[in-house]
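Participant: Just passing along the structure, written as C-alpha cells.
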C-alpha cells in the first residue's frame, strides 16, 4: 500500500502530468493577452506579466514532479519483495535524481534526453521553486534570464512532455507484458534475505542482505545456494541492503 504500490505512483504522475499540460495551455492563452498588453498598455498589465512568469514556472515544476512519480513507480517494481524500510530510505535518497533513477531502471534514452531529465530535475530542486541564487561566479541577471528562457520555450516544454510520456509508457510495461514475463524469487534465510528478478522489461537484478562479513566468493556461493539463476550471476545487477534506520541504504555490489 502507499508508497510501496507502483500504481499509486502512476496515479500521482498521471494527475501531475494532466495539471502541467492544463497550466501550460492557460499560459499560452495568457501570452495572447500579454501581446495585447504590450501593444496597448492595459491597466491589468501587472497581473498579466505576473501570470506569464508564474504559469510557465508552475507548469515546468509539475512536469518535473510527474516524471519523478513515474520513475519512482518503476523503482518500486524493481525492488518488489525487498525490505520496505530499505525501499523507503532508498526513495528518500534518490530524491529528484531523475537521471540516476532512469539509469537504474535501464531505460533506453539518448544522451540529450538524459540532459533533458537533468534540466527537469534542476527545475524541481531550484529553478522553478525559488528565486535565482546569487553567486560570485555567475551573473545574477544572466542566470535569471536563462531560467526564464528555459521555462518559456514552448518547443522545449513539448519535448519534455514527450520524454515524460515515453518514461510513463516504459514504466507501465514493467511486469505487464505477456511477451516479457517476470520471474521473482525471494528467500528469507538465517543470515538475511535474497530477492532476484528476471524479465518484465527490467534488468536482471539481485538484492541481498547479509548480516555477516563474508568473502565475495562465500557470498556468491550463499546466493547461488538459494536462487535459481537464469544466466550467469555476472549478468545480474546486484545491490546490497545494509545499515539500519536512517543509515539504511541499497548499494551497488560487485562479486568480482
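Participant: Give 139, 156 a once-over and let me know the one that is without any contact (Cβ under 8 Å) to a residue 12 or more places away in the chain, touching a helix residue (DSSP H, G or I) at 6+ places or on another chain (Cβ under 8 Å) and assigned by TED's automatic domain parsing to the domain that holds residue 27.
Facilitator: 156
Participant: A further question follows. Touching a helix residue (DSSP H, G or I) at 6+ places or on another chain (Cβ under 7 Å), in a helix (DSSP H, G or I) and modelled with pLDDT under 95: is that true of residue 58 in this structure?
Facilitator: Details: touching a helix residue (DSSP H, G or I) at 6+ places or on another chain (Cβ under 7 Å): yes; in a helix (DSSP H, G or I): yes; modelled with pLDDT under 95: yes.
Here the answer is yes, as residue 58 does meet what is asked.
Participant: Failed condition for residue 103, given (1) surrounded by 14 or more Cβ atoms within 10 Å (Cβ to Cβ); (2) closer than 23 Å to residue 238 by Cβ; (3) modelled with pLDDT of 95 or more, with all others met?
Facilitator: All conditions are met except number (1).
Participant: Got a sec? Which of 17, 109 is surrounded by fewer than 20 Cβ atoms within 10 Å (Cβ to Cβ), farther than 26 Å from residue 240 by Cβ and modelled with pLDDT of 95 or more?
Facilitator: Just a single option satisfies the conditions, and that option is 109.
Participant: So which residues in region 163-186 are over 12 Å from residue 77 (Cα atoms) and free of Cβ contacts under 8 Å to residues at least 60 places away in the same chain?
Facilitator: Hits for region 163-186 are 166, 169, 177, 178, 179, 180, 181, 183, 185.
Participant: Follow-up question, since we're still on this one. Looking for whichever is modelled with pLDDT under 85 and surrounded by 12 or more Cβ atoms within 10 Å (Cβ to Cβ) here; the options are 31, 44. Which one fits? Even if it seems obvious, please write down each step before you answer.
Facilitator: Values: 44 fails: surrounded by 12 or more Cβ atoms within 10 Å (Cβ to Cβ).
So the residue among 31, 44 that is modelled with pLDDT under 85 and surrounded by 12 or more Cβ atoms within 10 Å (Cβ to Cβ) is 31.
Participant: Count, please, the residues in region 231-256 that happen to be over 22 Å from the mean Cα position of the chain (by Cα) and either closer than 15 Å to residue 83 by Cα or part of a helix (DSSP H, G or I) (or both).
Facilitator: 7
A quick yes/no check of all residues on (1) in contact with a strand residue (DSSP E or B) (Cβ under 6 Å, 6 or more places away or on another chain); (2) under 19 Å from residue 102 (Cβ atoms); (3) surrounded by 18 or more Cβ atoms within 10 Å (Cβ to Cβ):
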site	(1), (2), (3)
166	no, yes, no
173	no, yes, no
185	yes, no, no
190	no, no, no
210	yes, no, yes
217	no, no, no
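The values are calculated or read from the model by the stated rules, or taken from the named source; none is laboratory data. Everything numeric here is computed off the predicted structure, so don't read it as measured data. Quick reminder, even Gly has a Cβ in these numbers, built from the backbone with ideal geometry, and neighbours come from all protein chains shown.
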